[in-house]
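Take a look at the structure set out below.
The values are calculated or read from the model by the stated rules, or taken from the named source; none is laboratory data. Note that the structure is a prediction, hence the values are computed from the model and not measured. Cβ placement follows ideal geometry from the backbone for every residue including glycine, while neighbour counts extend to all protein chains displayed. With ligands, DNA and RNA removed, areas are computed over all heavy atoms of the protein, side chains included. Shrake-Rupley method; radii C 1.70, N 1.55, O 1.52, S 1.80 Å.
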Amino acid sequence: MKTSPSWTHPVSDLLRVDAGFRLADIDPHATPGYDGTKADAARELAGGAARLSDLQERLFAQSVAGVAPGSVLLVLQAMDTAGKGGIVRHVVGAVDPQGVELASFKKPTEEELAHDFLWRVRPRLPAPGRIGVFDRSHYEDVLIGRVRALAPPEEIERRYAAIVDFEADAVARGIRMVKVMLHISKEEQKERLTERLDRPDKHWKYNPADVDERERWDDYMAAYQTVFERTSLATSPWFVVPADRKWYARSAVQQLLIDALASLDPHWPAADFDVAAERARLAAS
C-alpha cells in the first residue's frame, strides 16, 4: 500500500527481509524508495499522523465495543542512538495514548532470570484494539545474549525456535507484528554519542557502556544477521530501516504502522441503541 506521495513503492516491499537478505549490503545512510526531501518528509509525517491516529482510534473504539479485530505490535531493535525513542515520540506519539501499550525489556531482574526468557514478555503483548510497542524486546536475549555469551550456545539456539513459536501464537491471536531494526552506521553513532558529550542537556542520555558495545560492532551485526535468517517469516517479517537520516526512518516506520493498522480494516462500531430515540430523549431533557 502506497500511502505517501514521496514513496515510490510500498515500504513493506522495499524494506522487508526476504530470503537471501544480507545486512552488510544495506547502506544505513540511504533512503530507498523515497524521492522527496527532508522537508517533504516532515510535511508527510504530519499528514500521516492524522491517518495513523484515525486508524488507531477506530481500532480502539472497536475494542471498547467488544468487537476489535486485533492489535498491532511494533518491535524496535537497534544499536544505541539509532532513534528508537524518536520513533516512539514522533510516530507512535501522534496517536491517543490510551490506545498504546509501551514496554521496554532491558537487563532482567533476579525474578525474571528465574523463569524462561519469554516469561516477562508474554504478559506485555498488546490487548485487542491497542498498539503495543517493544522498545527493545525479546530479541535482546539472542542479541546481547549471544554477543556477551550470557547463555550457552545451545540455549541461544533454543531461543530462536521459541521466538518463532511465540510469534506464531501471537499472530494466530490477531496481533499484526511489525518488527523493525533501525540500521545506523558506526560512524553516525559516533557522531550522536559525541553530541551527547558535547551538550549538557544530553549527558543523561550518555552511557559509558555504549563505547564498550561499539567494540563489538561486527559481532552485533553478525548476531542481527542470524536473527533475520532464523526469525523473519512471512507472517512476522523483519524490516530493516536505514536510520542515519532520522527523518527517513520515522517516515518509513510510520508507513509500516499505517499499513499494519489498515490491514485490520478497523471501522467505527455501530450504535447498540436507537439513535433517533436517544436524540428525541436528549432534546426533551
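Can you tell me which residue is farthest from residue 100 (Cα to Cα) among those in the stretch 47-77 that are surrounded by fewer than 21 Cβ atoms within 10 Å (Cβ to Cβ) and of a type in the set (Val, Ile, Thr)?
Here the residue is 67.
If we keep just the residues of the stretch 229-244 that are of a type outside the set (Gly, Ala, Ser) and surrounded by fewer than 19 Cβ atoms within 10 Å (Cβ to Cβ), which is farthest from residue 156 (Cα to Cα)?
My answer is 235.
So which residues in the stretch 1-57 are among the basic types (Lys, Arg) and over 30 Å from residue 222 (Cβ atoms), if there are any at all?
2, 38, 43, 51
If I ask for residues that are in a helix (DSSP H, G or I), of a type outside the set (Asp, Glu) and under 26 Å from residue 174 (Cβ atoms), which ones from the stretch 230-260 would you list?
230, 231, 252, 253, 254, 255, 256, 257, 258, 260 - these are the residues of the stretch 230-260 that are in a helix (DSSP H, G or I), of a type outside the set (Asp, Glu) and under 26 Å from residue 174 (Cβ atoms).
Quick test for you: out of 32, 69, pick the one residue that is in contact (Cβ under 8 Å) with a residue 40 or more places away in the chain and farther than 23 Å from residue 93 by Cα.
On inspection, the qualifying residue turns out to be 32.
Which of the following residues is within 22 Å of residue 26 (Cα to Cα), out of contact with any Gly (no Cβ under 9 Å at 6 or more places or on another chain) and buried (at least 16 other Cβ atoms within 10 Å of the Cβ): 178, 133?
When all the criteria are applied, what remains is 178.
Which of the residues belonging to the stretch 261-279 are of a type outside the set (A, V, I, L, M, F, W, C) and either under 16 Å from the mean Cα position of the chain (by Cα) or in a helix (DSSP H, G or I) (or both)?
Residues satisfying the conditions are 263, 278, 279.
Of everything in the stretch 137-161 that's at negative phi and in a loop (DSSP other than H, G, I, E, B), which residue is most open to solvent (accessible area, probe 1.4 Å)?
For the stretch 137-161, the residue satisfying everything is 150.
Check whether at least one residue in the stretch 207-223 is open to solvent by 30 Å² or more (accessible area, probe 1.4 Å), more than 18 Å from residue 80 (Cβ to Cβ) and not polar (S, T, N, Q), and report yes or no.
No, the stretch 207-223 contains no residue that is open to solvent by 30 Å² or more (accessible area, probe 1.4 Å), more than 18 Å from residue 80 (Cβ to Cβ) and not polar (S, T, N, Q).
Out of all the residues in the stretch 143-152, is one or more farther than 26 Å from residue 26 by Cβ, small (Gly, Ala, Ser) and touching a strand residue (DSSP E or B) at 6+ places or on another chain (Cβ under 8 Å)?
No, that holds for no residue.
Can you confirm whether residue 197 is more than 25 Å from residue 22 (Cα to Cα), surrounded by fewer than 20 Cβ atoms within 10 Å (Cβ to Cβ) and of a type in the set (A, V, I, L, M)?
For residue 197, the condition - more than 25 Å from residue 22 (Cα to Cα), surrounded by fewer than 20 Cβ atoms within 10 Å (Cβ to Cβ) and of a type in the set (A, V, I, L, M) - is met.
Cβ-Cβ distance below 6 Å, separation of 6 or more or different chains: which pairs start in the stretch 269-285 with a residue that is farther than 20 Å from residue 61 by Cα and at pLDDT 95 or above and end on one that is open to solvent by 100 Å² or more (accessible area, probe 1.4 Å) and part of a loop (DSSP other than H, G, I, E, B)?
If the second residue must be open to solvent by 100 Å² or more (accessible area, probe 1.4 Å) and part of a loop (DSSP other than H, G, I, E, B), no pairs are left.
Residue 116: touching a residue at least 40 places away in the same chain (Cβ under 8 Å) and among the charged types (D, E, K, R), yes or no?
Yes, satisfied.
Here's a check for you: in the stretch 1-19, which residue that is of a type in the set (D, E, K, R) and in a loop (DSSP other than H, G, I, E, B) is most open to solvent (accessible area, probe 1.4 Å)?
2
Name the single residue that is farthest from residue 266 (Cα to Cα) among those in the stretch 166-202 being of a type in the set (Asp, Glu) and over 23 Å from the mean Cα position of the chain (by Cα).
Checking each candidate, the answer is 198.
Filter the stretch 20-41 down to the residues that are open to solvent by 30 Å² or more (accessible area, probe 1.4 Å), in a helix (DSSP H, G or I) and under 27 Å from residue 238 (Cβ atoms) and list them by number.
Residues satisfying the conditions are 24, 25, 38, 40.
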